[in-house]
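Heads up, the thing below is written out as structure tokens.
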2 protein chains.
Amino acid sequence: MVKVPWQDVAALAQSLRDKSIDRIEPAVPKVPSSSELPLNTSKLPSQLLSPEESKITETCPEQLLKSLASGELSSVQVVTAFLRRAGIAQKLTNCVTEVLPEAAIARAKYLDEYLATNKKPIGPLHGLPISVKEHIGIKGLGLNGGFVGWFDRRAEEDAYIVELLQKAGCVLYVRTTQPQCLMHLETCNNLYGETVNPYNRTLTCGGSSGGEGALIGLKGSPMGIGTDIGGSIRSPAANCGVWGFRPTSYRLPMGGCTAPMGGQEQIVPVIGPLSLSLEGCHVFMKALIDQKPWLVEPSLLPFPWSYPPKESYLTKPDGTRKLKVAVLWSDNIVKPHPPVIRALKELTDKLKSSSEIELVDWVPYKHDVAWDIISSMYFGDGAKQDTEALALSGEPWLPLTNFIIKEQPNVKENTITEVWELTMQREKYRAEYAKLWNDTGKDGYPVDVILCPVGPGAAPPLGHARYWGYTSQWNLLDYPAMIFPVSQVDQELDKAEVGYQPLNDQDDWNYKLYSPDKYADAPVSLQLVGRRYEDEKVFEAMEFIQSIAGSLPLTPFR
Amino acid sequence: MVKVPWQDVAALAQSLRDKSIDRIEPAVPKVPSSSELPLNTSKLPSQLLSPEESKITETCPEQLLKSLASGELSSVQVVTAFLRRAGIAQKLTNCVTEVLPEAAIARAKYLDEYLATNKKPIGPLHGLPISVKEHIGIKGLGLNGGFVGWFDRRAEEDAYIVELLQKAGCVLYVRTTQPQCLMHLETCNNLYGETVNPYNRTLTCGGSSGGEGALIGLKGSPMGIGTDIGGSIRSPAANCGVWGFRPTSYRLPMGGCTAPMGGQEQIVPVIGPLSLSLEGCHVFMKALIDQKPWLVEPSLLPFPWSYPPKESYLTKPDGTRKLKVAVLWSDNIVKPHPPVIRALKELTDKLKSSSEIELVDWVPYKHDVAWDIISSMYFGDGAKQDTEALALSGEPWLPLTNFIIKEQPNVKENTITEVWELTMQREKYRAEYAKLWNDTGKDGYPVDVILCPVGPGAAPPLGHARYWGYTSQWNLLDYPAMIFPVSQVDQELDKAEVGYQPLNDQDDWNYKLYSPDKYADAPVSLQLVGRRYEDEKVFEAMEFIQSIAGSLPLTPFR
């Protein structure tokens, strides 16, 4: 082994990525240079692609699957269009670690031939291209997990989820960026640099599955795989205006993902979809769980995917179908910025029109304690393994790595006794939160879902995602949560609040961060949260809310 | 607080226990003194009780529940009979820590009045007395967990399982013994001394739920609550010839049990029933899970109790109903004694008569590795908390405490990094074992259940339960397992094997331990094991096996 400076490894990584993009055929259209790009690049790809390619890539995945299954569209057509759009997305937001044009086209051809020969699709995802966050292994390819020092690692096997998605018929064609340590709600690492927001290049795409967010936000992928231990599926989905779903733990297989702290179960990381549509998330869940992955990965729960449900999850004891939605306006620690409050208001105003929806307020319960517990458990080894992984190459610690490790007062190496003590605190908090839900049922039926912010604002300016509470809360509780687009920051409607008296330093910092111009065009998304294991109920409630809302986002994005 | 010698605390504990028994009305019949007792005391209680009391206490719980629900028997009658029989059982085997005559009779009266007034039972366990292992909290009562130093602890609340069982209608009337540290497959502690086997007083009743085993073995309880992290429900059920079920983790609530190492989740302890019948175990599971305990204790899985099943779990892809049973004759580390092999042979000979049963052999897979992993995880803190709990009173370490802590080469204080590494080993082993099951399905359907020994012999002589592999194996894998009685050691049929060549030192030790006279009259039980979460399937398979066998045990016990 030859020791080289980390910068050389980064240069190599980027050059290999660029070369992979150069191999896409037909060649990816030229994109204006950085200095000539508008802040909001979301409309550029369709201008650069052919009308046919734009149409394909702007079709929601469930419709694409129908066209692929019928042969109306060939997989080669679809994959080619998405490869080219992903190439453009990379040039606009820096969201890709590599594309796989040869393998993808070969696979697409195989699937097209399969359909022609067998007159039926190979599986429920027949021919659909799917994007994959880099730390989810693909056999023979690199698996760096965001560390320069891990650049030479290769996956010996496909991650189990990748194997299952391919069995369902998908095509792998692009891998996406993630932050250093996989533990930022943004996406920057020393190998590939920073991924930016498609709607405003000065804002973050979110993280850690930020490459997925930016890519799907630009419609460079119809569906992708992310992972989430504190908001890593949901923050990028929200920031980029796409759908994302964090399932309850142990429903989808994590086998074959790389990250430090393997074997850490105190706060369980989960894997899940980001997609252009709610139905895309649904198709993803169903295609995986229908394959009974628990027979191979025994940590998984043997719940079948019960959606659409035989019986509505929303049917009340009196036989009526009613959705009881609790609205969490603020966690009472950091108040969300005006656009988030407006999105909540606009959506709840719509919901009020339905006699089948009951709205109540959700009073947050000690979300600061929740953060104390979870931030003590994230790096139970005092970030020893992360520190070692960083030290391998000598790459610098990025500011948000410092933030989540060195600036958190609770991060230290815990003894096993301390870990057990924290585990008991976690369980106690979970039981107290369960009691909150149970107590809402005194009128006969408890709250079904909580509607809440995804963060203390829309996508923050790069480097400023320093409050995790609106997402990590549900990781601590292990609740399923859906992210969906609602609105977009509006210069007129979303003026900064004047004279607000912050609750504390964090709140003050967040309050001062906001001005409408800084957040121009940022998507505003919301989160729908269910009780532990009620993943399917979240889908049913979400579909119902979408039907009442008419469309989501409420008005199309600029 | 006054410091007193641990012996004084033990004397107090025993005196309080004896006084509680003295308060039973009518008084518990006099029992012959130790020196006059036969080795096999199993037939004594019915000789000491009235015919009516004998009849009640020898009725299986499902039948008692019918009689209680119809009013044919009053709860006061039933509880009185069991209180008196429990008092006798205590004098024969030392299995009780206290009886609760006043509270039990008051509760029974209340239930009798409820039935008279409402013309219906209060719940599915209406009026049934249930015994409770001491470390499962009952509000206001002591909670020592087997430690002299914890004798003064009181439960602030009922354990959640106790609350739920009472909601279902049961009556609490007796609490039962457990070993020091709750980590022996026998039952001896410094507070109450040693609990012995009802069928042979020189043998162990098993442990750690050994008080339950001995009590139910003597029909002093129709149904009891045990806990199991390495065999603690199953060893006493097997040794005492009763039924016992270890569910998969997180199906029944553990909240409110005391033990060192709270918050330890690496090897999850479970709670479950011991009972006079299979149906008793079923009633227990159903009464609890039907109350949706996961809404209150969020670690629990929201599986409904799906038994009897709407569709048979045993229906094969071709539509036939067939049970595929794999027989594990030996784990290839320690060969079971002749009575166990005979029981396996006798039962499988019966099963061969059914065309609906397919028998195959199960080849054990690295059960020594399984023990290395689990024994490294039992005391992840190097038994620090246990050591501290013992030091509180200065009580001596018992030999089997030394065995499971000091004599195990893998017990040490692990760093959190080491715990994570062990967790990965555990998951790898679980995945490899899952593959074994999957691979048996190459003919279209995999093995449904594994039939196997519960230990390397029947109940061993006191102090000799030093091999956990036949039970701890399924804890590591987190498989549900049912214990059922099959036979009894027979002086003619169960001669020691001559000329056996032991596989290793452990096997040699176990081989030399056996002679039929030493094990005279010991019940011989077997274990039926299912895949993780297939608890209901184990019940269905067991019921089917019981129906083919005709009765279990195959012949009534002496």
*Using θ = phi - 60° and the Karplus curve 6.51 cos²θ - 1.76 cosθ + 1.60, what whole-Hz ³J(HN,Hα) does each residue of the range B:336-343 get, with Gly and Pro shown as x?*
x, 5, x, x, 6, 4, 4, 4
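Net charge near residue B:142, counting Lys/Arg +1 and Asp/Glu -1 over other residues with Cβ under 9 Å of its Cβ? Working shown, then result.
Numbers: positive: B:153, B:154, B:175; negative: B:98, B:134, B:152.
So the environment of residue B:142 carries a net charge of 0.
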*Please give the FRET efficiency for residue A:413 paired with residue A:47, using the beta carbon to beta carbon distance and R0 = 60 Å, rounded to the nearest 0.05.*
0.70
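Relative to the compact-globule scaling 2.2 N^0.38 Å, provide the ratio for the alpha-carbon radius of gyration of the protein assembly as shown.
Working: Rg = 31.7 Å, N = 1116, 2.2 N^0.38 = 31.7 Å.
Compactness ratio reported: 1.00.
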_Just to be sure I understand the curve: with the Debye formula and one point per C-alpha of chain B, what is log10 I(q)/I(0) at q = 0.06 Å⁻¹?_
-0.26
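For the range B:100-243: lysine pairs with Cα atoms under 15 Å, gap of 8 or more or different chains, count? All intermediate terms of the calculation are to be shown ahead of the outcome.
On the way: B:109/B:119; B:109/B:120; B:120/B:167; B:139/B:167.
Lysine pairs satisfying the spacing and distance rule in the range B:100-243 number 4.
R0 = 45 Å: FRET efficiency of residue A:503 with residue B:361, Cβ-based, nearest 0.05? Could the numbers behind the result be given before it?
Values: r = 67 Å, r/R0 = 1.49.
Efficiency at R0 = 45 Å is approximately 0.10.
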_Please give the charge dipole size of the range A:440-558, origin at the Cα centre, charges +1 on K and R Cβ atoms and -1 on D and E Cβ atoms. Round to the nearest 20 debye._
160 debye
*asked:* Charges on Cβ only, +1 for Lys and Arg, -1 for Asp and Glu, centred on the Cα centroid of the range B:176-314; of B:231, B:176, B:307, which one is farthest towards the dipole's positive end?
replied: B:307
*Residue (of B:363, B:409, B:450) at the positive-pole extreme of the range B:349-496, dipole from beta-carbon charges*: B:409
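Show me B:234-241, B:328-335, B:169-176, A:140-147 ranked by packing, highest mean number of other Cβ atoms within 10 Å first. If you can, show how the numbers build up before the last one.
Numbers: B:234-241: 34.4, B:328-335: 20.8, B:169-176: 27.8, A:140-147: 22.2.
Going by the mean number of other Cβ atoms within 10 Å, highest first, we get B:234-241, B:169-176, A:140-147, B:328-335.
Just need the relative contact order of the range B:340-422 here, percent rounded to a whole number, with Cα pairs under 8 Å and 6+ apart. All intermediate terms of the calculation are to be shown ahead of the outcome.
Numbers: 41 pairs, mean separation 29.1, N = 83.
Reported as a whole number, the value is 35 percent.
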*Centroid-to-centroid separation of the range A:11-55 and the range A:328-397 [C-alpha atoms, Å]*: 33 Å
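Explain nothing, just the number: dipole magnitude of the protein assembly as shown about its Cα centre with +1 on each Lys and Arg Cβ and -1 on each Asp and Glu Cβ, in debye rounded to the nearest 20.
Working: 110 positive and 132 negative charges, 269 e Å.
Result for the protein assembly as shown is approximately 1300 debye, rounded to the nearest 20.
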*asked:* Taking θ = phi - 60°, what integer Hz values does the Karplus form 6.51 cos²θ - 1.76 cosθ + 1.60 yield along the range A:166-178, in sequence order, with x for Gly and Pro?
replied: 5, 4, 6, x, 7, 10, 8, 9, 8, 10, 10, 7, 8
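In the structure displayed, which of B:43/B:335; A:537/B:286; A:316/B:286 lie more than 30 Å apart, Cα to Cα?
On the way: B:43/B:335 32 Å; A:537/B:286 24 Å; A:316/B:286 23 Å.
Over 30 Å Cα-Cα: B:43/B:335.
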_Calculated P(r) tail over 17 Å for the range A:124-182, as whole % of Cα pairs_ = 38 percent
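By the scheme Lys and Arg +1, Asp and Glu -1, what is the net charge of all other residues having a beta-carbon under 14 Å from that of residue B:23?
Values: positive: B:17, B:19, B:84; negative: B:18, B:22, B:25, B:98, B:102.
Here the charged neighbours net out to -2.
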*Distance between Cα centroids, the range A:254-290 to the range A:204-244: provide it in whole Å.*
13 Å
*Where a Cα-Cα gap under 17 Å defines reach, which lysines qualify for residue B:435, not counting those fewer than 8 residues away within the same chain?*
A:292, B:324, B:366
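Report the trypsin sites (Lys or Arg not before Pro) located in the range B:1-71 that are in a DSSP loop and have at most 16 other Cβ atoms inside 10 Å of their Cβ, or state none. Please list the in-between numbers first.
Values: sites: B:3, B:17, B:19, B:23, B:30, B:43, B:55, B:66; in loops: B:3, B:23, B:30, B:43.
Passing both the DSSP loop test and the Cβ count: B:3, B:23, B:30, B:43.
For the range A:463-558, what is the relative contact order in percent, using Cα pairs closer than 8 Å and at least 6 residues apart in sequence?
On the way: 95 pairs, mean separation 41.2, N = 96.
Relative contact order here is 43 percent.
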*What residues have an amide H closer than 5 Å to that of residue B:176, excluding those fewer than 5 places away on the same chain, when H is modeled at 1.01 Å from N in the peptide plane?*
B:97, B:132, B:133, B:134
*Tell me, what HN-Hα J-couplings in whole Hz come from the Karplus equation 6.51 cos²θ - 1.76 cosθ + 1.60 at θ = phi - 60° for each residue of the range B:237-250, using x for Gly and Pro?*
4, 5, 5, 9, x, 10, 8, x, 9, 9, x, 4, 4, 6
*asked:* With +1 on the Cβ of every Lys and Arg and -1 on the Cβ of every Asp and Glu, and nothing else charged, how large is the dipole of chain B about its Cα centre, in debye rounded to the nearest 20?
replied: 820 debye
*Find how many whole Å separate the alpha carbon centroid of the range B:93-139 from the alpha carbon centroid of the range A:114-177.*
58 Å
*At q = 0.13, 0.18, 0.21 Å⁻¹, base-10 log of I(q)/I(0) for the range A:51-127 (Debye sum, equal scatterers on each alpha carbon)*: -0.40, -0.72, -0.93
*With no solvent and one equal point scatterer placed on each C-alpha of the range A:179-221, evaluate the Debye formula and give log10 I(q)/I(0) for q = 0.13 Å⁻¹, two decimals.*
-0.22
*Among B:441, B:419, B:394, flag the residue with its Cα farthest along the positive direction of the charge dipole of the range B:387-485, charges on Cβ as +1 for Lys/Arg and -1 for Asp/Glu.*
B:441
*asked:* Taking beta carbons within 10 Å but only from partner chains, what does the mean come to for residues B:425-434?
replied: 3
*In what sequence do A:401, A:97, A:415 fall when counting other Cβ within 10 Å, fewest first?*
A:415, A:401, A:97
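Rule-based calculations on the coordinates, nothing more; no lab input. Just so you know, these numbers come straight off a predicted model, no measurement behind them. Note that each Cβ is placed from the backbone with ideal geometry, even for glycine, and that neighbours are counted across all protein chains shown.
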